[in-house]
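A short reminder: the numbers here are calculations on the coordinates, not readings from a lab. For clarity, every value in this text was computed on a predicted model and none was experimentally measured. Every residue, glycine among them, receives a Cβ derived from its backbone with ideal geometry; neighbour counts consider all protein chains shown.
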RNA sequence: GGGGGCAUAGCUCAGCUGGUUAGAGCGCCUGCUUCACACGUAGGAGGUCACAGGUUCGAGUCCUGUUGUCCCCACCA
C-alpha cells in the first residue's frame, strides 16, 4: 500500500514500489542493478489482458485504424521472420491507440492447405500410415487436432512478443465465417464466368500429388545432362538430330519441330520420323517457337508434358499423349516402361537409346528446373482438368488502384514495378488442389445428367434433372484463395457487420516482399471485386531477416533464429527494438546476438535511469507535473523533448519506424541520461530545496513522457516503469501520445545550453588528450562576451569539467595554461607542469588552420552571387551564422597564439 | 532474356523532397572502483560516400555509363 494511504495498489510483484497518484512513494531498497525482463514481461502482459485494452470496438467518437495480421501458417512455430511481420504493425497499432484511434489489430492463423497437409502426412508416415489408409474424414480429424495444437502455440508465442492484438476477434482461414466467405466468392465468380473448369497444362507436384499454381513453382538451378539423340527419318533417308534434358518424355513425343526459316531443315518439313523405342511415326513440323541457334535447332515435341510443346501441339493439331501417372511414374502409354518411376524410366530409356544407336552424346548442362515450393520435388507440367480464376478483368482495377495512388506501396518504386510487372502479364490462376485439408470446392456433379451445380449451400437434387445422385468435387482450394479475402472476411463479410462498415478498408499491411503476388496482389483484386473498395491504404513491405553472415535463414543451413530463445535470453523488448532500429523499409536485415545485446543494453540503461529517479523521489512528494520555474537545463531538455516528439511522430506517419526508434534512443541515452541526469545530481544534492524539487519533477515528467514515445517499440519495460512513477491514468498502453507543445519549445535556451555543453566537452577532450585523471581538478577561466549561460551553469561546469574553481569574465591573462576554444568562449586551464608550450602552439596552429579553412569556405559561398541569388534564405542564414562563429573562433585562437609569442 | 535492389568508418547499417563540418551500433585505442547503470562513463583513431562522366551556385543524395554483388520475373528443348 501507498504510504500516503491513497489506496493505490501495485501491479503484483513489480520490482519497483507501488504506483501512486499522489506521488508519495515507499522508499525502495535492493532493486536489481540489471533489468530482468522475464518476470516483468509475463506480469505486464497479464495486466494488459485483464485491462481489456487490446480489444477494439467500432466507436463513432473515434477514428478507426485497422491492421490485419498476415496469418501465420499453423505448420509449426514462429520464426524471426514472423517477429518482423508482427512487430512493425504492433508498433503502429500501439502508437495509434495512444493517439486515440479505435485501433484494431486483427490476428489469426492460416490453414496453409498444402504445407499443413504435407506435415501431417509426414507425421503419419512415422506411424506407417498413409492418407489413403485413414480416409478423408479421419484425416481431417487429425488435421483439426493439429490445428488446435499448433495454432494455439503460435498465439502463445505472439503474446510473448508483446503483440497487442484483439484476441477476441482472432480468426482462422477455415473457421465458419471465412469458409462462408470462400463459398460466397466462389459461387459469385462462377456465376460471373470468372471461375471455370477446364483441361489445361498445369504444374504438378508428383510428391504432393496435386496441381500447383504458377507461383508455387520455384526455379532452382540444377546440374543435369543434355542428351543428343538421333531420330531416323521414316523414308530411310537419314536422321535428324535433336537434344533433350528429359529423355523419358520422348514416350509422349508426337512431333519434331524446326524453325520455318532454318535452311538446314527446310526440306525435311512435312516428312516423318520414326520415334525410337516406340516406333511411332511422327511428323516434322515448322514452328517459330524453335530457336535456330540453340542446340541443333530441332526440338522434340511432347504436348502433354511441356507448356511450350502444348502450344506447338495446338498450332499443328498434334495428338497429346500423356505418359505419366500422378506420382511421376510412367503410365500405360509408356509401353514397356510403364510403372517405372520417372528417374528409373529415364535411366532405362537412355540405356536403350544408347543400345539402339540413337544416343549421339551426353553433355553436362546446368539449367533451371521448376520445383514444388513446399517439398522441392521437381514439378511436372501436365495436362489436367482443374478449376481456374480468369484473371484479366480482375487484374485491371487492381493495377488501377495502385497507379492512381489509392493504394500506396513502400518502398514505392521497387514494389510497384514488381507488382505491375506481374499483374500486367498475369495468367489464369489454377485454384484447385488435389488435397484434403482446405476448403472443398462447392461444385457438385450430377451422376445422371452430368450437370455441374455450384452452390453456396449443399444441394440435394440436380436442378436440371432432379436426380438425387450428386457428388461433390473431391478437390480443395488453393490456400491463398481464402487468405485473399482476409481483410474483409475477418470483419464478418459477406454479412454487412458494424465492424466491416467501421474498420474496412484497413489502413496498413506489413508483409514480406516474398508474398507480394501470393497474397498482396490477390487481396487487392479481391477487395476491388467483392467490396468495390481497396483492402488497405498502405502496404509497407519489409525485407528478409537474414543471419549474421547475411545468408537466408533455412532449414538446410540450420541457421534459423528462434525468437523464443532470443526473448528468453534478452527479453521481448530487446528483440522488438533490435528488429526495427537502423532499418529502412524493404531492405533486408541481418540478425545477430550482438545487435539484440545492444538493444538489451538500452533497456538496461532505461531501467537504471528509472532506478536513479526512484532513489531520488521515493518517499518524497513528487507529482509528475512540470514545476512553475525552469532552469536553463530544464528548458533545454524540455525543448529537446518537444523536437523529438515532433520528429518521431512525423517519422511514424511516414512509416520510418527505424529512424523514429533511433531518435528516441539517442534522446534517452545521450540527452536525458548523459547530460540531464548528470546535471540533475548537482541540483538535487544542492542547498536550494525548491530547485531540487523542481528537478525531481522535471526528471519525472520527461522520463514519463519519453516512456510514452518509446512504448510502441518497447512496450513491457516502459509500462513497468511508467506504472512505478507517479502517473495519471490506468496504463501506459492507453496513455495519450505526446503532442508537440510550442510553449515548451525554447530554441534560444537550447542554443545557450549547447554553448555550455561545448565548453565542458572541450575541456574534457583537452584533459583526456593530456591524460589527466578526473581526480586531478584544475581551475578554469572562461572568457566570453556573453556570460549568462556560463554563470547559470557554473556548478555544472565545475562538476562535469572537473574544475577546482571557475572564473567567468571578458578577458583573462593566465600564464602556463592549456587553452580550449569553442565557438562561444575560450577557456584556460592553468596546469603549468603539464603544459608543453611547443605542443600547445602546434595544436593551436593546427586548430587555427582548420578554422580558417572552414571560414574561407563559408566566405567563398557568401561572396558567390549565384549562391546568394539562388539558395534558400535559411541556408544562407546558416552559412552566415557559421561564418560569424568561425570568425570569432579564429580571433580567439590567434589571440592565444599571440600570448604565447609575447610569453605572457 | 527482362526488371529491380545494394555498394557510405575494420564489421553491420542509417542518411527524408539536393543545402552549413557525412552519423549510429559493434569492434579497436586511452583515461575512470564519479554516490543509476562496466549491459557503464569520459575521450580518441578511423570515411576521395564503388568507379567515370554529367546536371546544379551546391551532389553521398538527381541523370548516364562501368564494375562488383544480391534478388525477382521469364524458362532455350
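Overview of values
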{"quantity": "Modelled FRET efficiency - R0 41 Å, residue A:180 with residue A:241, Cβ distances, 0.05 increments", "calculated": "0.10"}
{"quantity": "All-pairs Cα distance distribution in the stretch A:366-408, expressed in whole percent, bin size 10 Å", "calculated": "20, 24, 26, 28, 1"}
{"quantity": "For chain A: relative contact order, % (alpha-carbon pairs under 8 angstrom, 6 or more apart)", "calculated": "13"}
{"quantity": "Convex hull (Cα only) mean projected area of the stretch A:572-641, reported in nm² to one decimal", "calculated": "7.3"}
{"quantity": "The stretch A:450-566, Rg to Rh (Cα coordinates; Rh as Kirkwood inverse mean 1/r)", "calculated": "1.15"}
{"quantity": "The stretch A:465-520 - Rg over Rh from alpha carbon coordinates, Kirkwood radius", "calculated": "1.18"}
{"quantity": "Distance (nanometres) between label positions extended 7 Å along Cα→Cβ at residue A:842 and residue A:36", "calculated": "5.4"}
{"quantity": "Pair residue A:867, residue A:557: separation of 7 Å Cα→Cβ label points (nm)", "calculated": "4.8"}
{"quantity": "Sorted peptide list for A:84-94, A:561-571, criterion being average Cβ within 10 angstrom, highest first", "calculated": "A:84-94, A:561-571"}
{"quantity": "Inter-part distance where the stretch A:582-613 and the stretch A:356-395 are each reduced to a Cα centre, Å", "calculated": "46"}
{"quantity": "Residues in the stretch A:630-662 that a label on residue A:788 would reach, taking backbone N under 19 Å of a point 7 Å out along Cα→Cβ", "calculated": "A:630-640"}
{"quantity": "Debye intensity ratio I(q)/I(0), log10, the stretch A:116-160, q values 0.13, 0.18, 0.22 Å⁻¹ (C-alpha model)", "calculated": "-0.33, -0.56, -0.73"}
{"quantity": "Per residue convex hull volume, Cα atoms of the stretch A:130-208, in Å³", "calculated": "192"}
{"quantity": "Helix-derived mean residue ellipticity, 222 nm - over chain A, DSSP H n ≥ 4, -39500 (n - 2.57), to 500", "calculated": "-13000 deg cm²/dmol"}
{"quantity": "FRET efficiency estimate (nearest 0.05) - Cβ-Cβ, residue A:674 to residue A:854, R0 25 angstrom", "calculated": "0.40"}
{"quantity": "Compactness of the stretch A:597-755, expressed as Rg and Dmax over alpha-carbon positions, Å", "calculated": "14.9, 47"}
{"quantity": "Sorted by Cβ density within 10 Å, fewest first, the residues A:455, A:736, A:482", "calculated": "A:736, A:455, A:482"}
{"quantity": "Additional length obtainable on full extension of the chain from residue A:549 to residue A:815, 0.36 nm per residue less Cα span", "calculated": "90.1 nm"}
{"quantity": "Calculated FRET value between residue A:188 and residue A:43, using beta carbons and R₀ = 51 Å, to 0.05", "calculated": "0.55"}
{"quantity": "Mean Cα-pair separation over length for the stretch A:298-366, i.e. relative contact order, pairs under 8 Å, 6 or more apart, %", "calculated": "15"}
{"quantity": "Chain A: mean projected area of Cα convex hull, nm²", "calculated": "52.2"}
{"quantity": "Difference of contour (0.36 nm per residue) and Cα-Cα distance, residue A:425 to residue A:271", "calculated": "51.7 nm"}
{"quantity": "Values of log10 I(q)/I(0), in the order q = 0.09, 0.11, 0.13, 0.23 Å⁻¹, for the stretch A:192-324 under a Debye, Cα-only, solvent-free model", "calculated": "-0.30, -0.44, -0.60, -1.50"}
{"quantity": "Cα-projected label distance for residue A:538 with residue A:653, points at 7 Å along beta-carbon direction, nm", "calculated": "1.0"}
{"quantity": "Calculated Rg and Dmax of the stretch A:314-456 using C-alpha coordinates, Å", "calculated": "22.2, 65"}
{"quantity": "From the C-alpha gyration tensor of the stretch A:512-610, square roots of 5λ in Å", "calculated": "33, 19, 11"}
{"quantity": "Contour excess over end-to-end distance, with Cα ends at residue A:472 and residue A:771 and 0.36 nm allotted per residue", "calculated": "99.0 nm"}
{"quantity": "For peptides A:604-613, A:189-198, A:271-280, sequence by mean Cβ density within 10 Å, most packed first", "calculated": "A:604-613, A:271-280, A:189-198"}
{"quantity": "Solvent-free Debye scattering, log10 I(q)/I(0), computed from the Cα coordinates of the stretch A:756-878 at q = 0.09, 0.20 Å⁻¹", "calculated": "-0.33, -1.08"}
{"quantity": "Dimensionless Rg/Rh of the stretch A:715-758 - Kirkwood Rh, Rg from C-alpha atoms", "calculated": "1.19"}
{"quantity": "Computed over the stretch A:228-306, Kirkwood Rh from alpha-carbon pairs, angstrom", "calculated": "12.3"}
{"quantity": "Calculated on alpha-carbon atoms, Rg and Dmax of the stretch A:74-155 in Å", "calculated": "17.5, 56"}
{"quantity": "Quarter of Cα convex hull surface for the stretch A:398-448, i.e. mean projection, nm²", "calculated": "6.4"}
{"quantity": "Cβ-based exposure ranking for A:515, A:74, in which fewest neighbours within 10 Å come first", "calculated": "A:515, A:74"}
{"quantity": "Overall Cα dimensions of the stretch A:821-904, principal axis frame, Å, largest first", "calculated": "54, 18, 17"}
{"quantity": "Hydrodynamic radius (Kirkwood) for the stretch A:723-796, which is based on Cα pairs only, to one decimal in Å", "calculated": "16.3"}
{"quantity": "Relative contact order [Cα under 8 Å, 6+ residues apart], the stretch A:759-904, whole percent", "calculated": "23"}
{"quantity": "Footprinting exposure proxy for A:695, A:461, A:296 (fewest neighbouring C-beta atoms within 10 Å first)", "calculated": "A:461, A:296, A:695"}
{"quantity": "The stretch A:262-376 - Kirkwood radius from inverse mean 1/r over Cα pairs (Å)", "calculated": "16.2"}
